[in-house]
Structure formats: structure tokens, C-alpha cells
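Report on the structure given below.
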Amino acid sequence: MLDNLKNSDAVLHKYIEEEMERQKSGIEMIASESFVPMEIMEIQGSILTNKTMEGFPGRRYHAGHEAIDKIETLGIERAKELYGADHANIQPHSGSQANQSVYAALIKPGDTILGMKLDHGGHLTHGSSVNFSGKIYNSVSYGLNSETETIDYDEIERLAKMHSPKIIIAGASSYPRFIDYERISKIAHEAGAYFLVDMAHVAGLVAAGVHPSPVPYADVVTGTTTKTLAGARGGFILCKNELARKIDSAVFPGVQGSMHMHIMGAKAFTFKRAGTKEYREIMEQVVKNAKALAKHLEGFGFRMVTGGTDNHLLLVDLRPKGLTGKQFDLALESAGITVNKNMIPNDPEKPMVTSGVRIGVTAMTIKGAKEEDMAEIAGLMNRVAENIDNEEAIKDVKEEAVKISSRFPLYKGML
Ligand SMILES: *Cc1c(COP(=O)(O)O)cnc(C)c1O
């Protein structure tokens, strides 16, 4: 792989090799990451990238669309079948563009949206003031119940009655529990709002049936084919038939121009693979591994926000260990373990410091890690926590981390 690049751009080739080495030797535990199968890299690196195409199958603006129409239709049909959805749009370049398109389809600038607070686990595109969603729309947000640290459904209901939002958004980037989609759907529909579920993080778990599906309850569902779906780098939208035309025309020509055909091909493969038994078993193992990691970390005195996890990620409160998220994240990185610092509910620290870390198990599970490997990784994490300023100890942990990682070879024969 990359032989041509090696000859024509040695510097860039070297940097890619450097990243390859990091992916190979480290313990990857960032919750939004995963490793894609070789087919995804083949398709994303294929001649499909050469084709410019706008519109939808049967309604194109460029000639030469025969094969392209078949590919897009295949991807759409597979997405619909996988999730049991009426309609799918698989053109969004990312999860953020998917959300942008949904707002553009359903509401006007200045209309009110009600989403989860960013520092309680929501996403930038759910109305954050630094994001288009908080600038173009009037954003109101709900948070977590301070006792249970789970979504405060009563607060959603209260805010919905008070502000009459046009869209209520459920879905999160760092929330370790199932979400009661049925309950929020009732609140939304009583308030005359559309119900949007952004399942970016859990789309793979939903596809595999190990997480409740929002599709029966939501008017629109957005997702990414990265993260737990472990496929193409992009986004997609599912909706009821009544909204199909609005959603499609908001994506194109509303928000995007031409499609990324190499990514769309990879999405078609992603939706096929996510329906297989092999993939379902990986997702089942993801959930087992997350629970195992939570249990072992608790054994070392870390506190799990909400007391545990239902999905692929943990939110860990580091205060019982006397650490900040920033300290622990940096020390773990030196030890070859990548996580990210993350605000915990009612975090006393600033966003760049935080009291917590978010840990995800998708990537390592795809590599083949099981519960016993989680026990070992929790042990390494605890050694880092207990030796936060001890460079020697952290170096020792790194050696162990590389050993663990080498048990799970990545992309045999590449580079
Ligand atoms: C990651 C994420 C997105 C955005 O996806 P990108 O592809 O990074 O734009 C949207 N919503 C949620 C909840 C996410 O976690």
C-alpha cells in the first residue's frame, strides 16, 4: 500500500507511517474511534473518487450516472433494511452535515431547538453557542439529573412546555446509558415538535440489536457510519416517508453539493456488514467489554458516572483518585493508551481541565480484545493513575501496553 506515494511524496508518506505505527502499537480507547475493515479502505481509495455527481438516483445533473445510481440505491436499500426505516439519505459528508440538513429541512432560522447540554454529554450540533446550530437557531438545553446523572426527562418536559421548541433532539457523545426514546417522543409530540434522534455514537450497537432502536419513535434519525458502525467516514439520515422529500432537498441542494462517491460506496458496504452475524458478535462483545472495564476500574477506586454503562463507553470520575482529566489523559497518552478528557455532570473544573475521562472499547474490541484484556488494561490505567508523576513507572506501563497491542495485529501486510 502507498507505494506510489512513497516515491512521489516521501515526507507525507513518512507521516502516514508514523500514524500507522501509533495505531498499531497503542491501546486505542477513544470512544468515537474504531478500526474499519480492509474493504472500506479499498472502496474509499477506489476510482469512485473520480466521479462528480449531484442529485439523486433518477434525478441527476451529470451524465455517466448508471453505475453511480446503482451504488447509491444499493446503499439506501441496505440502510433502510438494516434499521427498518421508511427512507434513507446517505449523502451527508458527516454527522454534523446530517444534523445541519435536518434543521434546514424542518425549521427556519430563529426557531427554537431543544437539545442536550454539551457539557452534560450532548453534541456541538445540538445547539452549542459556538456552533452554527446555536447561532442560527434559538437553542434551549436540558441536562442530567444531578443525583442519578441520567437524562432529566422531567426537565425536558418542563422546557418543552415552556419554550415550544420545533425540534427536540436526543442523542449524545458521552452518555453511557440507554436513552428512553419513547418517553422523549411523547414529550415532543405533545409539544408539537419534531423528534430527532442523533444516534451517531450508538448506530452500530443499534444495528446489531444490542441497543434500543430510536427508529420507531423518532421522526428523523441521524447517524455516522464511523464510530460504532466502524465503516465509511460519513453521515446518514433516516426518516418517515412523509419527510423524505424535505430531507433530501435539504441535503442537496440545501446544504451540500456533489456527493463523495468513494465514501458512498463504502457506506453501502458498511450497511451490509452491519447486518452480519460476525459484526453482531463484535458489538455484543463491545458491550461485555465496556461492562468488564467499568467493573475493574471501580475495583481500583475510580467512580463510574451513572454507576456503570449500557453501551460502548464509560465516563469516569477521577476525583476519588485525586486527578483531573487533563492530567490523566496526558499521562495515559505517554503510556500508549489514548482516551479523552471529558466533563462530568456538574464538573467543578474548566472544560480544558475537567474531572473525568471518556473511555470507549469499540476499537480494541474490533481488534479482538475480550473481558480478560479489559482487566489487564484497567490494571495499566490504575498504575498510571497511581504513578502520575513517575516517568519510569509510566515507561514500564508503555512497554506493557505495546505488548498487549501486539497481541492484536492491525491490517496485516500494510505499509
Ligand atoms: C460525532 C457526533 C456527531 C458528528 O459527527 P461528525 O461526523 O464528527 O461530524 C454528531 N452527533 C453526535 C452525537 C456525535 O457524537
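Points to keep in mind about this one:
- Count of residues meeting criterion [touching a Ser or Thr at 6+ places or on another chain (Cβ under 8 Å), part of a helix (DSSP H, G or I) and within 23 Å of LYS291 (Cα to Cα)] in region 322-365: 4
- Restricting attention to region 341-372, the residues being of a type in the set (Asp, Glu), touching a helix residue (DSSP H, G or I) at 6+ places or on another chain (Cβ under 6 Å) and at pLDDT below 95 number 0.
- Selection from region 378-406 of residues that are under 26 Å from the mean Cα position of the chain (by Cα) and open to solvent by 40 Å² or more (accessible area, probe 1.4 Å): VAL402, SER406
- Selection of first residues in region 123-139 that are at positive phi and of second residues that are within 11 Å of the ligand (Cβ to nearest atom), restricted to Cβ pairs under 6 Å at least 6 apart or on distinct chains, gives the following pairs, ordered by first then second residue: GLY127/GLY115; GLY127/SER133.
- Looking across region 119-146, the residues that are open to solvent by 20 Å² or more (accessible area, probe 1.4 Å) and assigned to a helix (DSSP H, G or I) come down to ASP119, HIS120, LEU124, PHE132, GLY134, LYS135, ILE136.
- Among the residues of region 71-118, those that are assigned to a loop (DSSP other than H, G, I, E, B) and within 15 Å of the ligand (Cβ to nearest atom) comprise ILE90, GLN91, PRO92, HIS93, SER94, LYS117.
- Where ALA230 falls short, out of the listed (1) small (Gly, Ala, Ser); (2) away from the ligand (no atom under 11 Å from the Cβ); (3) in contact with a Leu (Cβ under 8 Å, 6 or more places away or on another chain): (3)
- Options GLU19, GLU39; residue that is under 23 Å from the mean Cα position of the chain (by Cα) and touching a residue at least 12 places away in the same chain (Cβ under 8 Å): GLU39
- Pair list, Cβ < 9 Å and 6+ apart or interchain, from region 80-101 residues that are within 17 Å of ALA232 (Cβ to Cβ) and open to solvent by 20 Å² or more (accessible area, probe 1.4 Å) to residues that are within 9 Å of the ligand (Cβ to nearest atom) and part of a loop (DSSP other than H, G, I, E, B): HIS93/ARG233; HIS93/GLY234; SER94/THR226; SER94/ARG233; SER94/GLY234; SER96/HIS123; GLN97/GLY234
- Only listed residue being at negative phi, at pLDDT 95 or above and surrounded by 20 or more Cβ atoms within 10 Å (Cβ to Cβ), chosen from ALA375, ALA331: ALA331
- The residues of region 20-59 that are exposed (fewer than 15 other Cβ atoms within 10 Å of the Cβ) and among the polar types (S, T, N, Q), listed by number, are SER46, THR49, ASN50, THR52.
The values are calculated or read from the model by the stated rules, or taken from the named source; none is laboratory data. What you are looking at is a predicted structure, and each value in this text was computed from that prediction instead of being measured. Every residue, glycine as well, gets a Cβ built from its backbone with ideal geometry; the counts of neighbours run over all protein chains shown. To get the accessible areas, we keep the full protein, side chains included, count just its heavy atoms, and leave off ligands, DNA and RNA. Shrake-Rupley method; radii C 1.70, N 1.55, O 1.52, S 1.80 Å.
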